[in-house]
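Asks: Questions regarding the structure given below will be posed in turn.
Here, each number is a calculation from the coordinates, and none is a lab measurement. Just so we're clear, the structure is a prediction, and the values are computed from it rather than from any experiment. Using ideal geometry, Cβ is built from the backbone for each residue, glycine included, and neighbour counts are taken over all protein chains shown.
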Amino acid sequence: MKFGVNTMVWTTRVGKAQESLFERIQEWGFDGVELFLSPEEPADVAAVKAVLDRLELERTTCSVLPREANLISSEPATRARGVEFLKKCVERTAELGAQLICGPLYAGLGVMTGRRRTPDEWKWAVEGLQAAAEQGRECNVTLCLEPLNRFETYFLNTLEDAARLVQDVGAPNVKIHFDTFHANIEERHPAQALRSVAKDLGHVHISENDRGVPGTGHNDWAGILKTLREIGYDGWLTIESFAQPEPDLAAAAAIWRDLAPSGDDLARSGLQFIKGLTREMGS
């Protein structure tokens, strides 16, 4: 398995200005970095790629759909914007030298309706993701779909539903993105749920139950890592936790206190914990 860290531990901005951050990430022993992106950001793709290439840091990307580009909207024009948003994010992922984009790529961020998802919404998600997956095939990019907790989306909350969505999309480059924070809320037994979707698993986010430093809370880390080893997962373990998030990110993630002394402290401590536990388990 490879060890990564998401730049949202520090900032939602990605650019050459973060060169010193990338250097620290490499010095601490991470194999790669996960970049938050949109169709417009980072603006200086070539410069960011050059820095990461120089540091020999691999990379993945993550993104969220804005409300005005909601893939499951009842408005065809909004759904079309969602498809174009995803296609551009896939292209930008490839331009950065990455082969994987992850996140809740099926619905607008923060969109709530006060009811359960509908069959039409499911159909629209499948159709939109199929179109984005075709772009992914052309760019050699895999899309990994992240179920979120019930307080952040009504559309996709469990790994079981994520597996069904992946199967309905039916594209070999569409996989499941497992996040330990969301699973701690929605899965009765996260490790068991993880085992049940082994064949479709494409990406893993590491976050404590409070979204703070991995290893400081009550997540079943031993059970999760043991399961990953037993199912033969050899992909990314990417830390996506938050220390002192920027105001917009804090509002989106509902974080109203500091969860670590700094992003650097969170990343170093989290990596030390996860690497140590995987060594103990022979992963």
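Asks: Regarding the chain, what whole-number volume in Å³ per residue does the convex hull of its Cα atoms give?
Replies: Numbers: hull volume 33.1 nm³, N = 283.
Here the figure is 117 Å³ per residue.
Asks: Which lysines, if any, have their Cα less than 17 Å from the Cα of residue 87, not counting same-chain residues under 8 positions apart?
Replies: Output for residue 87: 175.
Asks: For n ≥ 4 DSSP H runs only, could you compute -39500 (n - 2.57) per run for the chain, divide by its residues and tell me the 222 nm figure to the nearest 500? Please report the intermediate quantities before stating the final value.
Replies: Details: 10 runs with 122 residues, N = 283.
It lands at -13500 deg cm²/dmol.
Asks: Then there's this: For the stretch 4-112, run through the trypsin sites (Lys or Arg not before Pro) and keep only the ones in DSSP coil with at most 15 other Cβ atoms within 10 Å of their Cβ.
Replies: On the way: sites: 13, 16, 24, 49, 54, 59, 67, 79, 81, 87, 88, 92; in loops: 13.
Passing sites in the stretch 4-112 are 13.
Asks: Once you charge only the Cβ atoms, +1 for Lys and Arg and -1 for Asp and Glu, what is the size of the charge dipole of the chain about its Cα centre, to the nearest 20 debye? Mind showing how you got there, number by number?
Replies: Numbers: 31 positive and 42 negative charges, 96 e Å.
Roughly 460 debye, rounded to the nearest 20.
Asks: Would you mind telling me the antiparallel percentage of the DSSP bridges in the chain, rounded to 5?
Replies: Values: 0 of 29 bridges.
Percentage antiparallel, nearest 5: 0.
Asks: Then there's this: Any idea what Rg and Dmax come out to for the stretch 71-111 if you just take the C-alpha atoms, in Å?
Replies: Both quantities, over Cα of the stretch 71-111: 11.4, 35 Å.
Asks: For the chain, give me every cysteine whose Cβ has no other Cys Cβ within less than 4.7 Å, ordered by residue number.
Replies: Lone cysteines by the Cβ rule: 62, 89, 139.
Asks: Oh, and also: Go through the stretch 185-237 and name the trypsin sites (Lys or Arg not before Pro) that are in a DSSP coil and have 14 or fewer other Cβ atoms within 10 Å of their Cβ.
Replies: Within the stretch 185-237, the qualifying trypsin sites (Lys or Arg not before Pro) (loop, at most 14 other Cβ atoms within 10 Å) are 188.
Asks: Can you tell which of 205, 182, 218 shows the greatest fluctuation in a Gaussian network model of the chain with Cα springs below 10 Å?
Replies: Its mean-square fluctuation being the largest, the pick is 218.
Asks: Say a site is exposed when it is one of the GluC sites (Glu not before Pro), sits in a DSSP loop, and has at most 11 other Cβ atoms within 10 Å; what is then the longest site-free stretch of the chain?
Replies: On the way: sites that count: 40, 56.
In the chain, the maximal stretch lacking such sites is 57-283.
Asks: Going 7 Å from the Cα of residue 171 along its beta-carbon direction, which residues of the stretch 16-44 have the amide nitrogen within less than 18 Å of the resulting point?
Replies: Once the point is set 7 Å along Cα→Cβ of residue 171, 37-39 turn out to lie under 18 Å by backbone N, inside the stretch 16-44.
Asks: Starting from the Cα gyration tensor of the stretch 84-179, multiply each eigenvalue by 5, take the square root, and state the resulting semi-axes largest first in whole Å. Spell out each step's value before the answer.
Replies: Numbers: eigenvalues 100, 35, 30 Å².
They are 22, 13, 12 Å, listed from largest to smallest.
Asks: If the only charges are +1 at each Lys and Arg Cβ and -1 at each Asp and Glu Cβ, what is the size of the charge dipole of the stretch 174-214 around the Cα centre, to the nearest 20 debye? Intermediate values should be presented prior to the final figure.
Replies: On the way: 5 positive and 6 negative charges, 42 e Å.
Its charge dipole is roughly 200 debye.
Asks: Please report, in whole Å³, the volume per residue of the convex hull around the C-alpha atoms of the stretch 175-274. Numbers along the way, then the final one.
Replies: Values: hull volume 10.0 nm³, N = 100.
Looking at the stretch 175-274, the number lands at 100 Å³ per residue.
Asks: With springs connecting C-alpha atoms under 10 Å apart, model the chain as a Gaussian network and identify which of 74, 269, 196 has the largest mean-square fluctuation.
Replies: Greatest mean-square fluctuation among the candidates belongs to 74.
Asks: Taking 0.36 nm per residue of separation and subtracting the Cα-Cα distance, what length does fully extending residue 50 through residue 123 add?
Replies: Full-extension gain reported as 22.3 nm.
Asks: Would you list, by chain and number, the lysines whose Cα falls below 20 Å from the Cα of residue 275, excluding same-chain residues fewer than 8 positions away?
Replies: Partners found: 2, 226.
Asks: In nm, what is the difference between 0.36 nm times the number of residues separating residue 220 and residue 111 and their Cα-Cα distance?
Replies: On the way: separation 109, 0.36 × 109 = 39.24 nm, distance 3.01 nm.
Length gained, residue 220 through residue 111: 36.2 nm.
Asks: Between the stretch 132-182 and the stretch 32-92, what is the separation of their alpha carbon centroids in Å?
Replies: Cα centres, the stretch 132-182 to the stretch 32-92: 15 Å.
Asks: I've got another one for you. Given the options 148, 86, 52, state which has the largest fluctuation in a GNM of the chain using a 10 Å cut-off (strictly under) for Cα springs.
Replies: 52
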